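The values are calculated or read from the model by the stated rules, or taken from the named source; none is laboratory data. Every value quoted in this text rests on a predicted model; they were computed, and no experiment measured them. Note that we place each Cβ from the backbone using ideal geometry, even for glycine, and neighbour counts take in every protein chain shown.
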């Protein structure tokens, strides 16, 4: 046993905790499953400890945060593992090897948290730049080491820390976005599915671009040739720019953010489709109602909203919101056209989201065929034992007259 493992604190599961699930790969320990004595309560957020079962048998090395409902996260099944530069580099090299096989250019999600063996850490790569989201306390305490390993493994020269969002709040962490290394000269152009997207890595939403929708953009593009397209909750161009690259007649992009729409317009210009791209800023629900009042019609309508049900307490209200989106969007689809409805809500599983969408379409006076169900791309892998990782759903419907 190493010297470090001798000096590490230990934390112990309660007798009725699901030790079997953890041994079989579940990566989290919830607050009501751990013995929280004075020693455990005294651990600083992000501290490393050896997890033991109720019989004091070591189960692995965890990081502890007593301020979080996820009180411990499994880092390594080896309780003697050293969380040093070599450890980070090994995890990053493993993640990189798969992305390098999947993508011809270095634009992808490089690390998808638990599924890539780095709990609570998200890293998106944009060529020579990368954005780290340290969404767990241990990631904050090891951020310099992680950034160094990231630069060593990938060769990126600019690294941004994007510390914002609900996950950090649940960990008791503050928010900030800061350039850790290198320089950025403005938004980064990203080519996907033939379209050019402008990703603002320091001022945009999340990491600046949503790579997870890449395969769903591609499927929608197959429906877009010569189509009139409406892209609601477009962010920086989302589905709409991919549709234009595939030969859409026109795209109307809707978003509440003027800054996001400006980036979307820049992307359309960069892709040579500026003359076929228009925007409307405003609340999505209000704009959908306005378009219905105008009796507008489109051949392809896509609605990709933010998470309406990020957690179970918001599920009922979230499902009502998804139903409302479908109800307002369905009448805008021309006879024989297509409606794409998306959810990135962890709490709303596929069945619940599909049912809410179907109800909304019906209440919008339309009948539909479900022709395809899409999920996040392969650069967003899912840990099989952690169903929450499969958050993204995209439903493709064909509507009758």
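Within region 161-185, the set of residues being free of Cβ contacts under 8 Å to residues at least 12 places away in the same chain and either in contact with a helix residue (DSSP H, G or I) (Cβ under 9 Å, 6 or more places away or on another chain) or more than 20 Å from residue 46 (Cβ to Cβ) (or both) comprises 174, 185. Within region 357-387, the residues that satisfy the criterion of being more than 25 Å from residue 97 (Cβ to Cβ) and not in a strand (DSSP E or B) are 357, 358, 359, 360, 361, 362, 363, 364, 365, 366, 367, 387.
Could you say which residue among 282, 247 is over 25 Å from the mean Cα position of the chain (by Cα), surrounded by fewer than 24 Cβ atoms within 10 Å (Cβ to Cβ), assigned by TED's automatic domain parsing to the domain that holds residue 209 and at pLDDT 95 or above? Write out each step before concluding.
On the way: 282 fails: over 25 Å from the mean Cα position of the chain (by Cα).
From the options 282, 247, the qualifying one is 247.
Being under 14 Å from the mean Cα position of the chain (by Cα), under 18 Å from residue 211 (Cβ atoms), surrounded by 18 or more Cβ atoms within 10 Å (Cβ to Cβ) and in contact (Cβ under 8 Å) with a residue 24 or more places away in the chain is true for just one of 394, 378. Which residue is that?
Numbers: 378 fails: surrounded by 18 or more Cβ atoms within 10 Å (Cβ to Cβ).
None of the others qualify; the one that does is 394.
Take the conditions (1) in contact (Cβ under 8 Å) with a residue 60 or more places away in the chain; (2) surrounded by 20 or more Cβ atoms within 10 Å (Cβ to Cβ); residue 206 misses just one of them, which is (2).
Of the residues 328, 339, which is part of a strand (DSSP E or B), farther than 21 Å from residue 170 by Cβ and assigned by TED's automatic domain parsing to the domain that holds residue 219? Working first, answer last.
Working: 328 fails: part of a strand (DSSP E or B).
Unique residue meeting the criteria: 339.
Can you say whether residue 354 is part of a helix (DSSP H, G or I), assigned by TED's automatic domain parsing to the domain that holds residue 287, in contact (Cβ under 8 Å) with a residue 40 or more places away in the chain and surrounded by fewer than 21 Cβ atoms within 10 Å (Cβ to Cβ), as far as the supplied structure shows?
Numbers: part of a helix (DSSP H, G or I): yes; assigned by TED's automatic domain parsing to the domain that holds residue 287: yes; in contact (Cβ under 8 Å) with a residue 40 or more places away in the chain: yes; surrounded by fewer than 21 Cβ atoms within 10 Å (Cβ to Cβ): yes.
For residue 354, the condition - part of a helix (DSSP H, G or I), assigned by TED's automatic domain parsing to the domain that holds residue 287, in contact (Cβ under 8 Å) with a residue 40 or more places away in the chain and surrounded by fewer than 21 Cβ atoms within 10 Å (Cβ to Cβ) - is met.
Residue check: residue 94 meets all listed conditions (1) out of contact with any helix residue (DSSP H, G or I) (no Cβ under 6 Å at 6 or more places or on another chain); (2) under 23 Å from residue 143 (Cα atoms); (3) in a loop (DSSP other than H, G, I, E, B) but one, namely (3).
Remark: pairs (first residue in region 36-56, over 24 Å from residue 140 (Cβ atoms); second residue assigned to a helix (DSSP H, G or I); Cβ separation under 8 Å; 6+ apart in sequence or on different chains) = 53/19; 54/19. For region 135-227, the strands (runs of 3 or more DSSP E) that sit wholly inside it and include 2 or more residues that are in contact with a strand residue (DSSP E or B) (Cβ under 9 Å, 6 or more places away or on another chain) and closer than 26 Å to residue 341 by Cβ are 188-192, 195-199. Per the listing 4, 17, the residue uniquely surrounded by fewer than 19 Cβ atoms within 10 Å (Cβ to Cβ), outside any strand (DSSP E or B), within 32 Å of the chain's Cα centre (by Cα) and modelled with pLDDT under 95 is 17.
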